[in-house]
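> This is the structure I have questions about; it appears just below.
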Amino acid sequence: MQKLTDIGENFVNDIASRYGLSHDAVLHMLVAVNNGGCSMAQFNCPELGGSGQWMRGGMTMVGDMFNNGLKTTVDNICNELSNILSNNQIFPMIPAGTPGSNQWWPVNLGTPFSSGAQNNSRYAVFPNRLAVELNGQVSVYDTLNHNIGGVSQQQGSNDSLSFSSQFGTLSVNSLPLVSGQAMPPAPQTNFVQQDNFTEKNTAPEFVPNQPNVNETITNNSNTETTNQTLEIIAKLAELRDLGALTDDEYNSKKSDLLQRI
């Protein structure tokens, strides 16, 4: 459990009492606000609706998205915690350059010109260096000739960061590692598999007067999905309109196909 100073414990207990929350719930929110630099928080607190986000003076999101009362409560708590953190020593002093410190990056890097936190990761940008902390593990990257303008997490991954520079958006792992461990790679989209999926789920092409068109439909019918079946019916309607099928043939085949949905 995160350690607090005596002042920090008093503030947490006071907020827990006034809002009817447990000590652990308020502590969780306190850590989230602190990790967000007192201006934002990403949290997962069952007593406050589960997963949510807060931005100072901006958006507040909670799991129960239509519960405006809960949104107001979260906003009030986070604003209080932000003010408390800005004006009090809530956490015990930890030497700079060590895990858990607000100055968690290596001391020799100096002062960052940009820093932030997202979920379980923190980052700090320095001249020619980018420091990233993930689950307490600090890694430093050489930014080469990139002028980093922002860092963000990849969607669908809690462990992969990307950054923007004058050359566009690139993965942190594309930078040379100076010290620490490389971050896990972002999940890759398998475009080959997607293309195959599209091919497998594309209805057969129907050409007017094509031989054995009804036999082709019959052979494939057992593997067609509902969407495919509807596509086949649409194709049959086109063949009927072109005169390749009679109304009776179209209605008979349409009836057969609809029974399989």
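> Given H placed 1.01 Å from N in the peptide plane, which residues other than close sequence neighbours of SER51 have an amide H under 5 Å from its amide H?
Placed amide hydrogens put CYS45, GLY63 under 5 Å from SER51.
> Next question, about the same structure. Pop a pseudo-label 7 angstrom from the Cα along the beta-carbon direction at both GLN259 and ASN79 and give the gap in nm to one decimal.
If labels sit at GLN259 and ASN79, their model points lie 6.7 nm apart.
> Moving on to the next point. What's the FRET efficiency of HIS23 with PHE167 using the Cβ-Cβ distance as r and R₀ = 45 Å, to the nearest 0.05?
In this case the efficiency is close to 0.40.
> Here's another thing I want to ask about it. Collect residues whose amide H, placed 1.01 Å from N in the peptide plane, falls under 5 Å from the amide H of SER114; neighbours closer than 5 in sequence don't count.
VAL125
> Contour minus end-to-end for ALA182 and PHE113, with contour as 0.36 nm per residue of separation and end-to-end as the Cα-Cα distance?
Result: 22.6 nm gained on full extension.
> What are the ³J(HN,Hα) couplings of the stretch 54-61, residue after residue, when phi is run through the Karplus curve with 6.51, -1.76, 1.60 and θ = phi - 60°? Round to Hz, x for glycine and proline.
So the Karplus estimates, Gly and Pro as x, are 9, 10, 4, x, x, 7, 10, 10 Hz.
> Once amide H atoms are built 1.01 Å from N in the peptide plane, which residues 5 or more positions from TRP104, or in another chain, come under 5 Å H to H?
Sorted by chain and number, the residues that satisfy this are GLY97.
> Further, regarding this structure: In nm, to one decimal, how far is the modelled label at ASP248 from the one at ASN88, with both set 7 Å along Cα→Cβ?
8.9 nm
Since every read-out is calculated from the coordinates, none of them should be taken as a lab result. All values reported here derive from a predicted model rather than from experimental measurement. Counting neighbours? That spans all protein chains shown, and the Cβs are built from the backbone with ideal geometry, glycine included.
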